[in-house]
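Structure record follows, encoded as structure tokens.
The values are calculated or read from the model by the stated rules, or taken from the named source; none is laboratory data. All of these numbers come straight from a predicted model, not from anything done at the bench. Note that each Cβ is placed from the backbone with ideal geometry, even for glycine, and that neighbours are counted across all protein chains shown. Heads up: the accessible areas ignore ligands, DNA and RNA and are worked out on the full protein's heavy atoms, side chains in. Shrake-Rupley method; radii C 1.70, N 1.55, O 1.52, S 1.80 Å.
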Amino acid sequence: GIAWPSSFTASHRSRSHRHWFSSSRRYGGTIARPALVALPFPQASFVQSRTVAEPTNKTILVAEDEQVLRESLAELLSDEGYEVIQAANGKEAHDILLKRPVDVLLSDMRMPEMDGLTLLGHARQIAPQTPVIVMTAFGTVESAVTAMRSGAHDYLLKPVLFDDLIIKVQRALEYGEI
């Protein structure tokens, strides 16, 4: 568990320790993973113990143009036991899908060269059985509905909470096995 100083109230503790990462605009680009949590208070970083999961035979393709976010996603999913392939844009992810099967595609909506919805359409043609989870920082009801109607399995808003991501990936894998 986390050793909280007695000067921190319950609201301080619950407010930030569950965030996986924050966007570069919030909190000055701080990346807070469950293993190391950076709170927006002076001298307030705590280490929380966490174990690395056993390897699975499942592969996740992460298509995200922000390098820090992509690498953070890859590291955290790898720690959960998944094999992770990274793509810096939609075109790169499309090329990977043409070369090898993946169990889940995790894709940003806005990327250079090929956006997430175009990639989603290609993924539906190349590997219709592969669940696609779409992420965006620009979430609206309309964009969520568009993604789901286009065949997305699920939808995540940024900043992504680690627990939410893991649950959605597990559900997508269960769906893919049906």
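Return the FRET efficiency for the residue pair D163, L98: r is the Cβ-Cβ distance, R0 is 35 Å, and the value is rounded to the nearest 0.05.
For R0 = 35 Å, the calculated efficiency reads 0.60.
Would you mind putting 94-100, 57-63 in packing order, based on average other-beta-carbon counts within 10 Å, highest first?
Details: 94-100: 13.6, 57-63: 21.1.
My ranking of the peptides, most packed first, is 57-63, 94-100.
If the reach is capped at under 20 angstrom between alpha carbons, list the aspartates and glutamates near K91, excluding any in the same chain fewer than eight residues apart.
Result set, ordered by chain and number: E64, D65, E66, E71, D103, D108, E113, D115.
Whole Å is fine, so just give me how far the alpha carbon centre of segment 111-127 lies from that of segment 130-158.
Segment 111-127 and segment 130-158 have Cα centres spaced 12 Å from each other.
If the cut-off is a Cα-Cα distance under 18 Å, which lysines reach K168, setting aside same-chain residues fewer than 8 apart in sequence?
Straight-line reach from K168, under 18 Å: K58, K158.
Relative contact order for segment 76-178 using alpha-carbon pairs under 8 Å, separation at least 6, rounded to a whole percent?
The normalised contact order for segment 76-178 reaches 25 percent.
Quick one: accessible area per residue over segment 99-151, 1.4 Å probe, rounded to a whole number of Å²?
Ligands and nucleic acids excluded, the figure is 51 Å² per residue.
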